[in-house]
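Structure, as structure tokens:
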Amino acid sequence: MATQSPLTDLSRAASDPNREYEQTLTGASLFDRSQHGKLEVSGKDAPAFLHSLCTNDINGLPLGGGCEAYFCDHRAKVLAHALVYHVLSAGRHAFWLDVAPGFNEKVLQHLDKHLISEAVELADQTERFAQMHLAGPEAKEVLEKALGQSLPDLSEFEHMERTFGSTATCHIRRHDPLGVPGFDLVCLNERADGVSRMLLAAGATPAGEGAFEVLRVEAGTPVYGVDIGEDRFVMEVARAIRAVSYSKGCYLGQEPVVMARDRAGFVNRTFLGVKVLEGGPVPPGTRLFRDATEVGLVTSSVQSPRLNAPLALGYIRRGHQDPGTRLEADTTEGKRPVEVLPFPPVPVSVA
């Protein structure tokens, strides 16, 4: 069971989701993301070990680089999603896996199951480290002010270490899940409060889960356990286009992926957004219909300020995915019209 976040005060300071939403779009907001799973994979065989189990190219990942990846079964059904970072840990090369809250033990067990004689060490660091997400067009400026130094421009998933004050060393990663420039900051629990105070003093606004969720859905960012599960073929997930390498060689689940690309040339469902045209948000699990035929399923749902309408994410069957296509959501209040949107549902603003 997860312990209480070391950044509880930051979460409590977030009290107005609408204001925090606007601040994230115009300034910089600081979110507590400490419940994310944090796994460390080290040892001389770690690159090849991870490379053989996930969908992206880990052997070619440079120090300071990162990528998005999925862990699949032999059918290419998604067992887990991770952001993978090549780091130095205690002076040796290692890989840090950022996984969805509550799934660190599942991923650790999956990796351990496939560990035979490789020189690989697995460690769950979830409870030792706090994690924050700094997001907004002024995020980099806030970071630089808090650190008292300029920072290089980072592409998404590039990362570095910097020290706040004299003792609070943080792992800083470029990551843009909210459709605006973002940085994940990871540090030891005992340093987290001091780091958050420095970022707030530098101009960040504390923000909570409500604002984060609206921005995530608007950006079309799926979350494992919410939008993705073991019943989902990896190529149906929107972000698979950047999380699957076609040139890396063999890995668990590769054959169905290659077949979908080379033989079928398409997948049966795609992760997309729909705008609800009447009434309020539709709940996750809502089925979508077209001409009395079920063609989709809602997985996430919010009220979108920028669309001025409810917005849902979910999976829509092939042949019903074109932007502007009208579908019906089967709700407890009856059928309600929805419209398929381009992807991402709300244009992102990431530089």
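Just a few scattered comments:
- The condition of being of a type in the set (D, E) and modelled with pLDDT under 95 does not hold for E218.
- Count of the stretch 131-155 residues which are open to solvent by 50 Å² or more (accessible area, probe 1.4 Å), within 12 Å of R174 (Cα to Cα) and free of Cβ contacts under 8 Å to residues at least 24 places away in the same chain: 3
- Where strands (runs of 3 or more DSSP E) fall wholly inside the stretch 60-141, the ranges with 2 or more residues that are among the small types (G, A, S) and under 30 Å from A211 (Cβ atoms) are 66-72, 78-89, 129-135.
- Scanning the stretch 46-80 for residues that are open to solvent by 40 Å² or more (accessible area, probe 1.4 Å) and either under 25 Å from R128 (Cα atoms) or of a type outside the set (S, T, Y) (or both) yields A48, D57, N59, G60, P62, L63, H74, R75, K77.
- Picking from residues in the stretch 6-45 that are among the small types (G, A, S) and over 30 Å from A119 (Cα atoms), the one that is surrounded by the most Cβ atoms within 10 Å (Cβ to Cβ) is S29.
- When R128 is tested against (1) farther than 25 Å from L25 by Cβ; (2) open to solvent by less than 60 Å² (accessible area, probe 1.4 Å); (3) under 23 Å from the mean Cα position of the chain (by Cα), exactly one condition is not met: (2).
- Criterion violated by V274 - all others in (1) of a type in the set (V, I, T); (2) at pLDDT 90 or above; (3) assigned to a loop (DSSP other than H, G, I, E, B) satisfied: (3)
- P101 passes every criterion in (1) within 18 Å of the chain's Cα centre (by Cα); (2) open to solvent by less than 50 Å² (accessible area, probe 1.4 Å) apart from (2).
The values are calculated or read from the model by the stated rules, or taken from the named source; none is laboratory data. In this text, all values refer to a predicted model and were calculated from it rather than measured experimentally. When we count neighbours, we look across all protein chains shown, and the Cβ atoms used for this are built from the backbone with ideal geometry, even at glycine. The protein model used for the area step is the full one, side chains on, heavy atoms only, and it has no ligands, DNA or RNA in it. Shrake-Rupley method; radii C 1.70, N 1.55, O 1.52, S 1.80 Å.
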